[in-house]
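The values are calculated or read from the model by the stated rules, or taken from the named source; none is laboratory data. All values reported here derive from a predicted model rather than from experimental measurement. Using ideal geometry, Cβ is built from the backbone for each residue, glycine included, and neighbour counts are taken over all protein chains shown. In case anyone asks, the SASA skips ligands and DNA or RNA and just uses the protein heavy atoms, side chains included. Shrake-Rupley method; radii C 1.70, N 1.55, O 1.52, S 1.80 Å.
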Amino acid sequence: MIEKLIRKYVENLKMEDIYHFAEQNGIFLTNEEAHYLYHTIQTNWENVVFGSKEEVLKDARLHLRENTYKKAEELLYFYLEKYKRYL
């Protein structure tokens, strides 16, 4: 059930949502970073939520500025912990 809800949310995700979420969390993305994150969410969300996050994070480190990467990693683990009983 939760997987279907997440899938639907990801399918409806827009680039503006990426920028908005980042700004709400004190991250100011370059266009390249925003496009990278959007594409990564669209194609790898299942691995991030239910599988091996390490490969996705390893790749993200190559595409994001250091401060952006650190904040993104921090937020990922924060939300995984916050919603773990639903996942």
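The single condition among (1) over 24 Å from E3 (Cβ atoms); (2) open to solvent by 40 Å² or more (accessible area, probe 1.4 Å) that Y38 does not satisfy is (1). Could you please let me know if E46 is of a type in the set (D, E), free of Cβ contacts under 8 Å to residues at least 60 places away in the same chain and surrounded by fewer than 17 Cβ atoms within 10 Å (Cβ to Cβ)? The answer is yes for E46.
Of the residues making up segment 69-81, one or more are of a type in the set (K, R) and within 13 Å of the chain's Cα centre (by Cα).
The requirement of being surrounded by 14 or more Cβ atoms within 10 Å (Cβ to Cβ), under 13 Å from the mean Cα position of the chain (by Cα) and not in a helix (DSSP H, G or I) is satisfied by I27. Can you find even one residue in segment 19-27 that is of a type in the set (D, E, K, R), more than 18 Å from F78 (Cβ to Cβ) and at pLDDT 95 or above? No, segment 19-27 contains no residue that is of a type in the set (D, E, K, R), more than 18 Å from F78 (Cβ to Cβ) and at pLDDT 95 or above.
How many residues, within segment 1-24, are of a type in the set (S, T, Y) and open to solvent by 90 Å² or more (accessible area, probe 1.4 Å)?
If we filter segment 1-24 for residues that are of a type in the set (S, T, Y), which is where we start, we get 9, 19.
Filter once more, so that each one left must be open to solvent by 90 Å² or more (accessible area, probe 1.4 Å): 9.
Here the count works out to 1.
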